[in-house]
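K.L.:
Starting off with a structure, shown below.
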């Protein structure tokens, strides 16, 4: 069995571009990176699987929007085995999509997942009963977020749902400082050095743009979602379910 690649990108003297990119280097270590960097990631995938079983409908599309290596899409596939629905996994990182395609081409897999190399902002959405955006919206330009979510909502069937997981910002300076310091400690306990954490934080500045929970909820309602429910929160990360 091939040993999983460890994320040591920001421990090296030559750490690559100063601006964070989902390039081949990141794609290679991504499973380790997200596990060690994102509090509640395993819980998010469990929520995706449970919600897909509840909301996916026959003759519709289930979308993993910003799929990276397709972890959420694979959970959708597992949950919808008896449902005649299409599972589309979309990402604008060529390196991520290429690695996902290789994974799905394994002779042991008979998959319903369709990998799509595209920016989600340019995607032509089909009739959708279930969608996931796992840590994706935070990389979309602020001025395009409502536009995209409105387009997604218009493609969704009655009774459809969106699972949205994001890093959160906070109005309170005290809460922001506490959550950021606890997240720092979370990463240290997962083996990252202070230098690695600082380098990655610098690389993500002006690339990952978090917003408050209230901002997300108000936007989702403004584009037509009827209910927005917080189903999980761990430190400065939260998962919402928005109902069409």
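K.L.:
Please go through (1) within 30 Å of residue 199 (Cα to Cα); (2) assigned to a helix (DSSP H, G or I); (3) modelled with pLDDT of 95 or more for residue 75 and return the number of the only condition it doesn't satisfy.
P.N.:
So residue 75 meets the others, but not (1).
K.L.:
I'd like the residue in the stretch 191-214 that is in a loop (DSSP other than H, G, I, E, B) and touching a strand residue (DSSP E or B) at 6+ places or on another chain (Cβ under 9 Å) and, out of all such residues, is surrounded by the most Cβ atoms within 10 Å (Cβ to Cβ).
P.N.:
Here is the first cut: in the stretch 191-214, the ones in a loop (DSSP other than H, G, I, E, B) are 191-193, 205-210, 212.
Retained after the next criterion (residues that are touching a strand residue (DSSP E or B) at 6+ places or on another chain (Cβ under 9 Å)): 208, 210, 212.
Values: 208: 14, 210: 17, 212: 14.
Looking at the filtered set, the residue picked out is 210.
K.L.:
I've got another one for you. Under 7 Å between Cβ atoms, which residue pairs at least 6 apart in sequence (or on different chains) link something in the stretch 1-23 that is under 20 Å from residue 35 (Cβ atoms) with a partner that is at pLDDT 90 or above and part of a loop (DSSP other than H, G, I, E, B)?
P.N.:
Partner pairs satisfying both residue conditions: 11/193; 20/207; 22/93.
K.L.:
Looking at the stretch 92-190, what helices (runs of 4 or more DSSP H) fall wholly within it and have at least 3 residues that are in contact (Cβ under 8 Å) with a residue 12 or more places away in the chain and closer than 24 Å to residue 55 by Cβ?
P.N.:
Working: elements: 94-104, 145-155, 173-189.
Passing ranges, in order: 145-155.
K.L.:
Another question, then. Tell me which residues, restricted to the stretch 220-242, are over 16 Å from the mean Cα position of the chain (by Cα), crowded, with 16+ Cβ neighbours inside 10 Å and within 24 Å of residue 54 (Cα to Cα).
P.N.:
If the condition is that a residue be over 16 Å from the mean Cα position of the chain (by Cα), crowded, with 16+ Cβ neighbours inside 10 Å and within 24 Å of residue 54 (Cα to Cα), then 220, 223, 225, 228 are the ones that fit.
K.L.:
Then there is this: For the structure I just gave you, tell me whether residue 143 is surrounded by fewer than 13 Cβ atoms within 10 Å (Cβ to Cβ) and modelled with pLDDT of 95 or more.
P.N.:
On the way: surrounded by fewer than 13 Cβ atoms within 10 Å (Cβ to Cβ): yes; modelled with pLDDT of 95 or more: yes.
Yes: the conditions hold for residue 143.
K.L.:
Continuing with the same structure: If you go through the stretch 93-123 one residue at a time, how many are farther than 16 Å from residue 152 by Cβ and surrounded by 13 or more Cβ atoms within 10 Å (Cβ to Cβ)? Don't jump to the end; show me each part of the working.
P.N.:
In the first step, residues of the stretch 93-123 are kept if they are farther than 16 Å from residue 152 by Cβ; the result is 93-115, 117.
Applying the additional criterion that residues be surrounded by 13 or more Cβ atoms within 10 Å (Cβ to Cβ) yields 93-101, 103-104, 111-115, 117.
Matching residues across the stretch 93-123 total 17.
K.L.:
Of all residues in the stretch 23-65, how many are closer than 25 Å to residue 192 by Cα, touching a strand residue (DSSP E or B) at 6+ places or on another chain (Cβ under 9 Å) and not in a helix (DSSP H, G or I)?
P.N.:
Going through the stretch 23-65 one residue at a time, the tally reaches 3.
The values are calculated or read from the model by the stated rules, or taken from the named source; none is laboratory data. Worth saying up front: this structure is predicted, and the values here are computed from it rather than measured. Cβ atoms come from the backbone with ideal geometry, glycine included; neighbour counts cover every protein chain shown.
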